[in-house]
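A short write-up of the structure that comes next.
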Amino acid sequence: MKKLIEILEDIQPGIDYTSCSDLIDGQYLDSLSVISLIAELEDEFDVTIPAVEIIPDNFNSADHMMNMIKRLQED
């Protein structure tokens, strides 16, 4: 989780990623940030994030992102 938070802070600093649960719905992350985030997550966690996983619910919080990453690593 620590590495995920570091990646998020590099892309969009100044947000409390440990408690924020509406990163997409609250417009903290825009589409360009999400594209950068996906590339970083794929590189760092050695996963491929398919288009069907790129939905707001998977990116609204760091916890949701970590759950998605773990799920993809298991596949």
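Quick notes on this structure:
- Couplings 3J(HN,Hα) for the stretch 24-33, derived from phi with the Karplus relation 6.51 cos²θ - 1.76 cosθ + 1.60 (θ = phi - 60°), are 8, 4, x, 6, 6, 10, 9, 4, 5, 5 Hz, where x marks Gly and Pro.
- Entry note, the chain: the mean residue ellipticity at 222 nm calculated from DSSP H runs of n ≥ 4, each adding -39500 (n - 2.57), is -16500 deg cm²/dmol after division by the residues and rounding to the nearest 500.
- The slack in the chain from residue 16 to residue 42, taken as 0.36 nm per residue of separation less the alpha-carbon distance, amounts to 7.1 nm.
- Cβ-placed point charges (K, R +1; D, E -1), dipole of the chain about Cα centre in debye, nearest 20: 100
- Integer Hz, Karplus 6.51/-1.76/1.60 couplings in order for the stretch 48-65, x for Gly and Pro: 10, 9, x, 4, 5, 8, 8, 10, x, 4, 6, 10, 6, 8, 4, 4, 5, 5
- When each of the peptides 6-19, 54-67 is scored by how many other beta carbons lie within 10 Å of its residues on average, the order from highest to lowest is 54-67, 6-19.
- Positive-end extreme of charge dipole, the chain - chosen from 59, 36, 21 (charges on Cβ): 21
- Our analysis of the chain gives Rg over Rh at 0.91, with the two radii drawn from alpha carbon positions and Rh computed by the Kirkwood formula.
Where a number appears in this text, it was derived from the coordinates with a stated rule and is not lab data. Just so it is clear, the model here is predicted, and its values are computed rather than measured. Counting neighbours? That spans all protein chains shown, and the Cβs are built from the backbone with ideal geometry, glycine included.
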